[in-house]
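Here's the structure, in structure tokens; my notes come after.
Quick note: the coordinates plus some simple rules give every number you see, no bench work behind them. Fair warning: this is a prediction, and the values are worked out from it, not measured in the lab. Backbone-built Cβ (ideal geometry, glycine too); neighbour counts: all protein chains shown.
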Amino acid sequence: MGFIQNFINGIKNMIRNFKRIICFLGTIPRRISNINAGFDNIFKGVNLEFQAIGKSFHQGSSSLGTLGLYIGELINTYMLCGFKFAGNFFDCIFYYIIDIILYVLYLPCTIILWAFDTFLDLDFYYIPQNTYKGLQQINDLLYPYLGFHIIHWPKKIREDCYLCKRLKTEAVDDKANNVGVTFKETIPQNFGKSAKLFRRGQKQFEEIFKTYARKPSEVH
């Protein structure tokens with residue numbers, strides 16, 4: 001009786017193992033598909049990282065190159081203006097002296113306004129501001145008849161002695177801020193997109209050794 005029972009159990013185990021073998025053989029295509037899908041996702045992830053490196057290099061070099069051009073233009077325009085004012089210095093010295101005299105004469109008023117504002121908390125700066133606005137209106141009214149300005153030098157003198165087109169430092173500051181944004185925010189966003197592909201590829205490789213392998217499309 002015991003012999004027969006052992007024989008029957010042996011047959012059952014053999015059938016069970018045979019079924020496992022059949023099931024395993026049936027999942028071989030899925031395991032192979034997982035191998036292929038795993039490699040495919042890994043290579044796609046690597047490709048994305050290389051693309052991110054290339055894109056980041058282009059963004060970084062472009063941002064730095066633009067900043068370099070602006071710095072060069074700033075230096076160039078300031079040098080040209082310096083040469084211009086140096087060349088016109090002796091022609092303009094009379095007007096500079098007049099400006100200095102007027103500034104010295106106005107200095108006591110500036111000190112008085114500052115003292116009232118600092119020590120008595122009384123703001124009288126609006127007085128010279130309104131006075132200048134009034135003079136500006138009178139100037140605009142009389143200029144068509146007189147042919148010259150009463151509150152500033154003629155255009156030719158202003159262009160030769162006071163005015164010069166320069167690149168503003170604010171423009172360079174703006175480009176410098178753009179470089180900071182590029183390296184701190186834009187470039188980091190280029191990376192990390194491959195992480196999901198790497199994780200999925202890893203899980204698909206792990207699926208190869210499981211008892212019941214799923215299809216690659218079912219592995220996330």
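General observations
- Kirkwood analysis of the stretch 2-218, using all unique Cα-Cα pairs, places the hydrodynamic radius at 26.9 Å.
- For the chain, the membrane-span-like helices by this rule, meaning whole DSSP H stretches whose C-alpha atoms cover at least 30 Å of axis and whose Kyte-Doolittle mean is 1.0 or above, are 89-119; this says nothing about an actual membrane.
- Computed from the C-beta positions of Y106 and K55, the FRET efficiency with R₀ = 45 Å rounds to 0.20.
- Links that overshoot a 26 Å alpha carbon limit, given the list K55/K196; K133/K175; K175/K196: K133/K175; K175/K196
- Per residue, the convex hull volume that the Cα atoms of the stretch 103-201 enclose (Å³): 246 Å³
- Couplings 3J(HN,Hα) of the stretch 152-165, computed from phi: 7, 5, x, 4, 4, 5, 5, 5, 7, 10, 10, 9, 6, 6 Hz, in residue order, whole Hz [Karplus 6.51 cos²θ - 1.76 cosθ + 1.60, θ = phi - 60°; x for Gly and Pro].
- Dipole magnitude (debye, nearest 20) for the chain, charges at Cβ of Lys, Arg, Asp, Glu: 2760 debye
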